[in-house]
Amino acid sequence: MTLARPALALLVALAAAGTLHAQEGQRPKSFQVRFDEPGPDSGKTSFVTMTPGWHVTSGPNSGIYYDPSWTATGNYKVETLIHLFDPPKGHAEAYGVFVGGKDLAGAGESYVYFLLRTDGQFLIKQRTGKTVKEVVPPTPNPAIKPYDAAAKSVANTITVAAGPETVDFLVNGTKVASRPRKDLPVDGTAGLRINHGLRLHIAKFGVTK
């Protein structure tokens, strides 16, 4: 199934459409996970259904999480709402979305990813195989809501909007970066990119045209 209509942008709607049949506390069978460096400790990562959405404890592995049917091509918007819980002090790891995914299970995996770091900065990178190119280095922006220990968690909406000429990157509705579309291969599978040692709740994920 391709999430290509506004009505399918909310996970509640996805559940109603029959996409999320997994029981609470289990990973939907359709989901795929690919770690950057898989190893014997990969089982320490938890990705489970927790209505509305999913809860992730990423353990020692960074990687991507996706349903192969999530495709974003042409003019589209990929958007997610992610809650970050109690990151370890000084642990500036990142979380967010990827687009343009191709050969995600193979040696030639490629995608563009837009992430927020736990220290309040965003970054954009492009992976091709084992090569990772920095598109935008870690950059602070006031649109990013910082983690507040008193509140125990913080929520940010992360969006990639691909238009005819440009690809815009937004946080909480504010554009923080833009690049010419011709410079970024953004047609393909979309999903989540989550680095190691994080505890998150993905309350919303969708692709709209």
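Pull up segment 106-147, narrow it to residues that are hydrophobic (A, V, I, L, M, F, W, C) and over 17 Å from the mean Cα position of the chain (by Cα), then point me to the one that is farthest from ASP67 (Cα to Cα).
ALA143
If you check GLU93 against the conditions, is it surrounded by fewer than 20 Cβ atoms within 10 Å (Cβ to Cβ), charged (D, E, K, R) and in contact with a helix residue (DSSP H, G or I) (Cβ under 7 Å, 6 or more places away or on another chain)?
No.
Could you pull out the residue among VAL154, VAL136, VAL132 that is of a type in the set (Val, Ile, Thr) and within 23 Å of GLY108 (Cβ to Cβ)?
VAL132
Give just the number: which of (1) touching a residue at least 40 places away in the same chain (Cβ under 8 Å); (2) crowded, with 17+ Cβ neighbours inside 10 Å; (3) out of contact with any helix residue (DSSP H, G or I) (no Cβ under 9 Å at 6 or more places or on another chain) does ARG127 not satisfy?
For ARG127, the exception is condition (1).
Is one or more of the residues making up segment 196-206 crowded, with 16+ Cβ neighbours inside 10 Å, more than 23 Å from VAL56 (Cα to Cα) and of a type outside the set (Gly, Ala, Ser)?
There is no residue in segment 196-206 that is crowded, with 16+ Cβ neighbours inside 10 Å, more than 23 Å from VAL56 (Cα to Cα) and of a type outside the set (Gly, Ala, Ser).
Of all residues in segment 106-124, count the ones that are of a type outside the set (A, V, I, L, M) and in contact (Cβ under 8 Å) with a residue 40 or more places away in the chain.
Looking only at that region, the number is 7.
Among strands (runs of 3 or more DSSP E) lying entirely in segment 77-192, which contain 1 or more residues that are under 21 Å from HIS55 (Cα atoms) and in contact with a His (Cβ under 7 Å, 6 or more places away or on another chain)?
153-162
No value in this document is a laboratory result; all are computed from the given coordinates. These figures come from a predicted structure and were not determined experimentally. No Cβ is skipped: glycine too gets one built from the backbone with ideal geometry, and neighbour counts run over all protein chains shown.
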